[in-house]
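The values are calculated or read from the model by the stated rules, or taken from the named source; none is laboratory data. It should be emphasised that the depicted structure is a prediction, and the values quoted were computed from it without experimental measurement. Glycine also receives a Cβ, built like all others from the backbone with ideal geometry; neighbour counts cover every protein chain displayed.
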Amino acid sequence: MNQAKFRRFLARNSYLFALLLLVVVVLINYSRQDNLFEPSVLNRNIRVFLPLVILAAGQAIVIIGGGIDLSVGAMVSLCNALLVTWITPETAGGDILLAITLVALVGMAAGLLNGIAVAYLRLQPIVTTYATSFIFAGLALTILPRPGGELPRDMTRLYRRLIEVDAFGNIPIIQDIPILREIPPAFIVIAIVLLLWAFVRQTRLVQYIYAAGDNAEAAYTTGIPVQRIRLGTYVISGFFSAMAALALTMSLGSGSPTSGDAMTLDSIVAVVLGGTRLRGGQGGIAGAMMGVVILGVIRNIISFYDVPTWSQTLVDALIILIALAGPGLVRYISDLIRRYRLQGGRAA
Amino acid sequence: MVTLSAQHLVKRYGGVVALADGNLEVQSGQVVALLGANGSGKSTLSKIVTGVVAPNEGQLLLDGQATSFASPLVARRAGITAVYQELSLVPEMTISENIWLSHEPMRLGRINRKAMQQRTQALLDLFQGTIPASLIPTTPVYNLHPDERQIVEILKAISQDPRLVIFDEATASLDSSQVTRLFELINRWKGEGMAIVFVSHRMDEIFRVADTATVLRNGSHVGTVDIAETSERQLVQMMIEGATAMEREAREPVAASAPIRLHVSDLTTEQLRGVSFELRDGELLGIGGLQGQGQSDLLLAIFGAIPFQGRLALGGKEVHFSHPQQAMKQDVAFVPGDRGNEGLLLIRSILDNLMLPSLREYGVPLRMQRARAQAGDVSDDLNVIMSSLDAPVNSLSGGNAQKVVIGKWLLRDPKLLLLNDPTKGVDVGAKGEFYSLLSNLRQQGTAILFYSSDDEELLGLCDRVLVMHDGRISAELAGENVTRENLVSASMGAAHHEAKPPGASQHEEPTA
Amino acid sequence: MTEAKAKRSSSLPNLTRYLTPPVIALLLAIALFLFGGVISPGFVNPNQAINIVRLAAFLGIIAAGQTLVIISGGEGIDLSVASIVTLGAILTFRLTDGQNELILPVLGVVLLVGAGIGLVNGLGIVFLRIPPLVMTLAMAGVVQGLILQVTRGQLEGDTPDLMSELIAQPLIGPLPGVIFLWIGLGIAMWLLLERTPYGKMLFAVGINRTTATLSGVRVPLVVVLTYAMSGMLAAFGGFVLLGFTDTVFLNLGGRYLFPSIAAVVVGGTLLSGGKGSYWGTMSGALVLQLINSLLQAQGLPEATQSIILGVVLLVLISIYGRQRAFRL
């Protein structure tokens, strides 16, 4: 009975393996880089991860809803191209906000196109979003034929600089923890996303996303507007892609028509590392976000262990493969043991 | 008060008419049984009423007003809901999440889990005593047995406070104590003004619960009769057009000298706790009992589809299969109960389905001529009604599809045939053909192990019946002891469902 | 249930029975070719046709394994084909070093290596239950890493002359060898899928694994074998591709990755598995190559080409890629 309960607990908290993995890789990283937890170092790391963290959160929502979005990278490229076209070093504050709003709308419109094709035209998500990624990539290339553009320095500085907090100024011990006095802005973004998720997780809408992803037919007969929910997940993914593009643009300070392309597949790997199954109906965005950090930290470790340049890709890929195989390996071995026990009686 | 009247509903899929003239009248405080053979249009009619399917013609009157439901949601808002046989549950979600899905109790824009769980518990209490006490609102649905899932389905429909509920084969996987409880509840709900449509294949249930019966045949309304003034025979006549109800054949005992085909001793799996018996050539050995007492596990273990512990001897030789393929090499065949999910490749041709277990016999490249000839012979023998061997198997009716499942094993001339509730959802006519096939096979010396959830079948066909309870054989009935009373009492006698949750046995084998 | 089943099988008039997805795709390819003649005069001529078929042949060969994997179902997909194509080409380039007599032994090695990589994919998917998409994606990274590790970016070697003569240059009349190779592969794939126990089992596994198991099919074996074959066919694709390119680079196979999936889908093979054919994939490869050639012949900017390709793909997918509606 206890074992069954434990299994149920694991199944319900699918991100536990990711959490464990995260702790392990961070500790390994720390063993080689003892200033890892200093605010400035942490900030440098996390701000590089942030675009993919946001993107993977959007991808996770689509996947939980029973789809997949191979166009997220192209949407990032498109939004990145738009941002550096609409915002120049001379753009005034109000216009910057307007541009960001417009880019968010563009991202959502791109997601809407995906959503209509998948939910209403009932096209298969993998090939559909692959096809639309060509459209978005072509648009990005039309808008920004070659890398370039520049953001106002205030914007890039806002993204890079630690935020000084003295809220804990009077509390002993806590006031001495450096990271609580100087917080990387990316942490605040991640915290906001997670808090928002924790809040909406208990709404009907998100409940519907899980139901539609797990068993669409059952959800439909129960009266859930499955098509609208599916559409919604793609629009959300479009919005998250636009926000990822904003983070990326602020991080790079410039634009490129192919800036996001490589992020698509990473976002999917991160979602799976985070314990969300690709079939949908299970998992969460926290795991996906952890998945991104795991991927990033692995790359950090490789550079700190002086792995020869020509071996880095291989080592990176092997570690990811092992990480992906982890939960399966544990299950496979425990199944073997169970089977052995069950049949052991016969042999004896 | 509610009255619903469906008039001359028509539903076509391409050129095929699924429902030609569907009529149905039901009102508050009434239980209407909807009857018909497979493919008669019952499901289509009930799906139109609940908004799952859109009709091509005809009209639906709700309280005298013409209505049409654009989706199940719209129907539900009008107070109409259904308990589906093909389950509408979301496996990863808990019982309470499933029951309240899309009408969750809310608080400040968020789901009120506490209220949801309390209300779920109140609903589960309706079936108290017939389901294990370990079933709580937070149990995930993927952990449930089929009967428990069915009960969650029923509670899900009831949780919506409906005015009209359609029970579509809702008792198919329930055991008799659960059915009895459901009928008590239906009577209560009826008294409270609910209108109920009850779709079932089981005649005795219809006489127990329904007030009137509406019969469909080939998609058309045949008539509506008052249950109190009609007989089972009359209803069957209405359903099958001219055919007579099946006659039971006389049982011939198997010679005790017939060689032992299968010897099972101390078979143990996750669900079975030490099962032993013998089966002789030419014998039809029945397995009975309430649903989910390990009958499927027993058949699957013998067939090598699930791991087990214990001894198996086939024709005197000890065997231990770890894959069905090994069992098949020893001339064992297994006909699963769930045709669509376990027996057939629905989109493949009849020929491909028949060939599948015997592919290795046809060599490389496959000798298609020979395969086709053999498949043609077996489908003629079984009287499969089809347009050609190349037609996809999903173009067949339920009974004919089941014949294909049996045919693919007959092609291999099995010496031991394992049957897992093969007549579930099969119409009366096809059942009769199936019974005579079984007696032919017996005469040829095939040993048959036959699990059925239909007690009548076991009583009518079997020499011997093993009654299972909680993973064990609780009684072995043979000869004159094979009676309805003995079967029911052996099934129920030791049944203290909630007192003994699975896994809490005192006689657990020590694990090595 | 039964009513819904009747729907899918029935009522097709006789003519449309022959309009299977592969035939539709083939007709589409011919129409596109003729359409090319309308929008750019001079497009329609035998040389152009041969060239297009030749180019489509490479995509078609690379997509052969992908077809098998997608038919096997269970979200089956192979994202490692591109890296294996590159590896196959690089291995051939390096090991033969331009020597004709080494072609056959090296081909053997290349096929074995490809099959080995596919085998690992299959084992991870079946026994560790890693979703095929991420398993093969991770494997693509490993293969790419292996290439970098071994070559250190130094791509030394040479292509045997015989290979480009046999594969890319006119062999019989104006037709290059690769076209015959492709037709041969088409026949072999048809035999494999329709006339061997493996093929029938593969469809069974793709449709319903429980039914397959209970009918005596060793599902894990079939799936592992399928990924191994996909790896082998991709490596073969790399070998053949080298005969055309004559030289190798680190991302040689990259541009074939998603087209190999698109060709399968445009050919009417269901991404959900259990239904499809290699004839379809061949027609799909022709269609994709034609679209590509047409766009290039127009001299459009890269950006516009990309947008049009995306739109055309969407249209093609919507011809048969549609999933079942909830409301019947």
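A few notes on this one:
- Screening the candidates A:Thr258, A:Thr249 for the property of being more than 9 Å from every other protein chain (Cβ to nearest Cβ), in a helix (DSSP H, G or I) and of a type in the set (S, T, N, Q) yields one hit, A:Thr249.
- Answer residue from segment C:307-328, given it is surrounded by fewer than 21 Cβ atoms within 10 Å (Cβ to Cβ) and more than 7 Å from chain A (Cβ to nearest Cβ) and is modelled with the highest pLDDT among those: C:Ile308
- Annotation for segment C:50-57: at least one member residue is surrounded by fewer than 17 Cβ atoms within 10 Å (Cβ to Cβ) and at negative phi.
- Filtered by the rule that a residue be of a type in the set (A, V, I, L, M, F, W, C) and at pLDDT below 90, segment B:142-178 gives B:Leu144, B:Ala170, B:Ala172, B:Leu174.
- Lone unmet requirement of (1) of a type in the set (Val, Ile, Thr); (2) farther than 16 Å from C:Thr67 by Cβ; (3) out of contact with any Pro (no Cβ under 9 Å at 6 or more places or on another chain) for C:Ile319: (3)
- Which listed residue, of A:Val292, A:Val272, A:Val297, is away from chain C (no Cβ under 11 Å), more than 9 Å from the chain's Cα centre (by Cα) and not in a loop (DSSP other than H, G, I, E, B): A:Val297
- Among the conditions (1) out of contact with any Pro (no Cβ under 8 Å at 6 or more places or on another chain); (2) within 11 Å of another protein chain (Cβ to nearest Cβ), the only one that A:Leu141 does not satisfy is (1).
- Residues satisfying the stated conditions in segment C:196-228, i.e. of a type in the set (Lys, Arg) and either assigned to a helix (DSSP H, G or I) or modelled with pLDDT under 95 (or both): C:Lys200, C:Arg209
- Selection of segment A:179-201 for residues being of a type outside the set (Asp, Glu), touching a residue at least 60 places away in the same chain (Cβ under 8 Å) and farther than 21 Å from B:Ile111 by Cα yields A:Ile179, A:Arg181, A:Ile183, A:Pro184, A:Pro185, A:Ala186, A:Phe187, A:Val189, A:Ile190.
- Checklist (1) away from chain A (no Cβ under 14 Å); (2) closer than 20 Å to C:Arg255 by Cβ; (3) of a type in the set (Gly, Ala, Ser) applied to C:Gly141, failing item: (1)
- Per-region count, segment A:301-339, residues over 22 Å from C:Pro131 (Cα atoms) and in contact (Cβ under 8 Å) with a residue 40 or more places away in the chain: 3
- Of all residue pairs spaced 6 or more apart or on separate chains, those with beta-carbon atoms under 6 Å, a first member in segment A:202-220 that is facing another protein chain (nearest Cβ under 7 Å) and without any contact (Cβ under 8 Å) to a residue 24 or more places away in the chain and a second member that is among the hydroxyl-bearing types (Ser, Thr, Tyr) and buried (at least 21 other Cβ atoms within 10 Å of the Cβ) are A:Ala218/B:Ser88.
- Residue in segment B:363-383 that is more than 29 Å from B:Val264 (Cα to Cα), over 22 Å from the mean Cα position of the chain (by Cα), surrounded by fewer than 18 Cβ atoms within 10 Å (Cβ to Cβ) and within 7 Å of another protein chain (Cβ to nearest Cβ) present: yes
- Highlighted here are the strands (runs of 3 or more DSSP E) found entirely within segment B:39-144 that include at least 2 residues which are over 24 Å from the mean Cα position of the chain (by Cα): B:57-62, B:65-67.
Residue-by-condition table, conditions (1) crowded, with 24+ Cβ neighbours inside 10 Å; (2) at pLDDT 95 or above; (3) over 23 Å from the mean Cα position of the chain (by Cα):
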| residue | (1), (2), (3) |
| --- | --- |
| C:Val85 | yes, yes, no |
| C:Gly88 | yes, yes, no |
| C:Leu95 | no, no, yes |
| C:Asn100 | no, no, yes |
| C:Val109 | no, yes, no |
| C:Val120 | no, yes, no |
| C:Ala138 | yes, no, no |
| C:Gly141 | no, no, no |
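- Residue-level check: of (1) within 14 Å of chain C (Cβ to nearest Cβ); (2) within 20 Å of B:Leu417 (Cβ to Cβ); (3) surrounded by 22 or more Cβ atoms within 10 Å (Cβ to Cβ), B:Gln330 misses just (3).
- Number of residues in segment A:300-335 that are at the interface with another protein chain (Cβ under 9 Å from one of its Cβ atoms) and outside any helix (DSSP H, G or I): the value is 1.
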